[in-house]
Amino acid sequence: MAKSRGTRGPSRVRSRSSAPPAEASATSGRSNRSTAAAGKPLHGIDLEHFIPWLATSMTRYLHGVMTEALAPLGMSIAEWRVMLCVFDGRSYTLTEVVEFTSLNQSSLSRAIVRMEKKGLVTRARRTHDARLMSIEITPAGRVLCEHASLAVREACDRELGVLTEVERDSFVRIARKLLAELPPPKREAGLAY
């Protein structure tokens, strides 16, 4: 997945023109979905300041960055998220991994089957309850997870390098506050990243 690296930060969200958003959409030929014909935000939604749209745009972009970082290692984001969950060496049930990764159960099951075939994780029935499967990371999985995590960290640090340390800390604090206050997400849909 090729991504343009020519622009950074908020300019990715705005049109390429240096004009204000309403004028930019008129000059670039693209319609600004957040603006009514009269130039006013539609129902008070100005995408340049609409948190859900900004969060989704950033998530999509960073998903691409992480996908590119993991591709040379032959790993998907879903597989990496599973390995982050089981990296501590404990044995986890499928339900626990679903909770940690926010993947839906079918996506998670497919990822685990792929990872097991690659020798990255093992699955076994729990002795005290044969209905429960436990998932554990293998030594090869641990090594690959370390390489993958470094690749993702370096790629994301490059992309987020426009933020100062104070801005990053503020962003993390605000995001964690929102996540703590919002109701739990619907797990069926999974997450974008």
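The values are calculated or read from the model by the stated rules, or taken from the named source; none is laboratory data. Model, not experiment: these values are computed from the prediction. In this analysis, Cβ positions are derived from the backbone assuming ideal geometry, glycine residues included, and neighbour counts consider all displayed protein chains. With ligands, DNA and RNA removed, areas are computed over all heavy atoms of the protein, side chains included. Shrake-Rupley method; radii C 1.70, N 1.55, O 1.52, S 1.80 Å.
Values for this structure:
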| quantity | calculated |
| --- | --- |
| Residue match in segment 70-92 (condition: under 19 Å from the mean Cα position of the chain (by Cα), in contact (Cβ under 8 Å) with a residue 24 or more places away in the chain and over 21 Å from Ala155 (Cβ atoms)) | yes |
| Residues satisfying the stated conditions in segment 74-90, i.e. part of a helix (DSSP H, G or I) and in contact with a strand residue (DSSP E or B) (Cβ under 8 Å, 6 or more places away or on another chain) | Val82, Met83, Cys85, Val86 |
| Val166 within 18 Å of Val86 (Cβ to Cβ) and modelled with pLDDT of 95 or more | no |
| Any chance Ala71 is assigned to a helix (DSSP H, G or I) and open to solvent by less than 40 Å² (accessible area, probe 1.4 Å) | no |
| Among the candidates Ser57, Ser76, Ser91, residue that is at pLDDT below 90 and in contact with a Lys or Arg (Cβ under 9 Å, 6 or more places away or on another chain) | Ser91 |
